[in-house]
Structure formats: C-alpha cells, structure tokens
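Participant: First the structure, which I've put down as structure tokens, then a few questions once you've had a look.
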Amino acid sequence: MVGAMRTSANMAYTTYDEPTSREGLFMTIRLTLVCAAAPSERDVRFGGDTPLNERALGEARRVAGSLPVATAWCTAPSQRCRQTAQALGGNAVSVEPGLRDMDMGSWQGRTLDEVSAGDAAGLAVWMSDPEAAPHGGESVSEVCRRVAAWLEELPAESGRMLAVVEQAVARAALLHALGAPRQAFWRVDVPPLSAFQLTGRSGRWNLRIGAVGSGEPR
C-alpha cells in the first residue's frame, strides 16, 4: 500500500497518507445522537407524542450552539423529534423510520403509574427481561436489534451526522456501540437534550465523551 501509515492516541482508527484509491482509506463516521426535548413530566406517556411547548423548544434552542458540527441531519418520525431538530437549527433533516420509538402496544398513551396500577406484573417482567413484550408491542431486544441494524447500514461516507432520537433509541445505540448486554438497557439514563457521539464505522464503534456544554469547533 502506497503512503505512510499514521495513528493517533485520540483516534480509534488508522489513516494512510496519499492513498492510491478510496478503498485504501478507512472512512470514519461521527454520529452525534441527541435525545429529543420533552414536555412537562405530567405529559410523559408510553409512546406518547405530545407537541413540545415553548419551554421545551426554548431549551433546545439554547443548547444548539454546543453541538458538534454536522453535514447531515436526521430524526425519528415523532413530532417531538422533528420539532427538536428544527429548534436545534437542523436544515434538510431526513426522517428515519428505523429510529422510531419503541412500539408500546396496549400500553400506548398510558403513564407509568397507570400501567403499574393495571399491570404491575407485566411491567416488572418487561423491565427485567429484554425479550419480554407483555404489552404486545416491541421488546427491548427487538428495539436493540432494529437500532443496531440502522447503525450498521450507515454508508461509510456518511461523515459527520446528527440524529435526534427517542430515549429508547439512544439507549439501544449506546449498548450496541459498547457491546453491552441488553439487560443494561434500563441502567442508562438519557435525559431530554442529552447528547453523545459515536465514532467509527460499520462493525466498530467508539463512544466519544466531551466536556459539559462544549462541542467541536463549528
């Protein structure tokens, strides 16, 4: 192979000077995942998609400048994700069905308290067994497989991307990148407007953590 190989302690991949072809270069994707803004706590329901209020939209606008630069934007299909992407300043944002929220089946639109009161046993099984789907919708494992497939199908030339996603999707993406067991799904806290970056390419991902409130140079 023509060109001198170089590595960096801060990068998890190897590049080559003056590659003779595109195939001679390991292309790296930098994918920033941002959890959608959320309305007030009383509006949080399983699978619910309440429009964002002005407070939530204002919070999204305030953090927009701290996000890493992105040349491509995408979002989950939900109204709150699309509104968050717009508030963050996204232009030409594509909607990705593979990033949709977990299908909550018969629990759709109900609060955690309502489900706990009506199906406490089902809720306990769902939160302890990744394969369980007592509501008749998707199990945790099914969501993890769907999100993993979306990540692995990203083209190598995707470059710098930003995706606005649901909490469940953010959890699933993080577990896949780290190769963590699906039993850890509920051990990952993903507050509204939290963000993390995955760098790498199909089959190899690394979690990149930055300083609070900072982003890469725009």
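The values are calculated or read from the model by the stated rules, or taken from the named source; none is laboratory data. Since we're looking at a predicted model, the values are computed, not measured. Every residue, glycine as well, gets a Cβ built from its backbone with ideal geometry; the counts of neighbours run over all protein chains shown. We work out accessible area using only protein heavy atoms, side chains counted, and drop any ligands, DNA or RNA first. Shrake-Rupley method; radii C 1.70, N 1.55, O 1.52, S 1.80 Å.
Participant: Select from the range 77-106 the residues that are in contact with an Asp or Glu (Cβ under 7 Å, 6 or more places away or on another chain) and not hydrophobic (A, V, I, L, M, F, W, C) and list them in ascending order.
Facilitator: 78, 79, 80, 101, 103 - these are the residues of the range 77-106 that are in contact with an Asp or Glu (Cβ under 7 Å, 6 or more places away or on another chain) and not hydrophobic (A, V, I, L, M, F, W, C).
Participant: Count, please, the residues in the range 67-84 that happen to be among the aliphatic types (A, V, I, L, M) and over 23 Å from residue 28 (Cβ atoms).
Facilitator: 1
Participant: Quickly run through the range 69-123 and pick out the residues that are over 18 Å from the mean Cα position of the chain (by Cα) and within 17 Å of residue 32 (Cα to Cα).
Facilitator: 91, 92
Participant: Now, a different point. Which one is least open to solvent (accessible area, probe 1.4 Å) among residues in the range 168-192 that are at pLDDT below 95 and within 21 Å of residue 90 (Cβ to Cβ)?
Facilitator: Residue satisfying both the conditions and the ranking: 190.
Participant: Search the range 151-177 for residues that are part of a helix (DSSP H, G or I) and pair each with any residue that is among the polar types (S, T, N, Q) when their beta-carbon atoms are under 8 Å apart and the residues are at least 6 apart or on different chains.
Facilitator: Close Cβ pairs (under 8 Å, with a partner that is among the polar types (S, T, N, Q)) amount to 151/202; 152/202; 156/202; 170/194; 177/206.
So that you can scan it fast, the table gives a plain yes or no per residue for (1) at pLDDT 70 or above; (2) open to solvent by 20 Å² or more (accessible area, probe 1.4 Å):
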| site | (1), (2) |
| --- | --- |
| 6 | no, yes |
| 29 | yes, no |
| 32 | yes, no |
| 55 | yes, yes |
| 58 | yes, no |
| 69 | yes, yes |
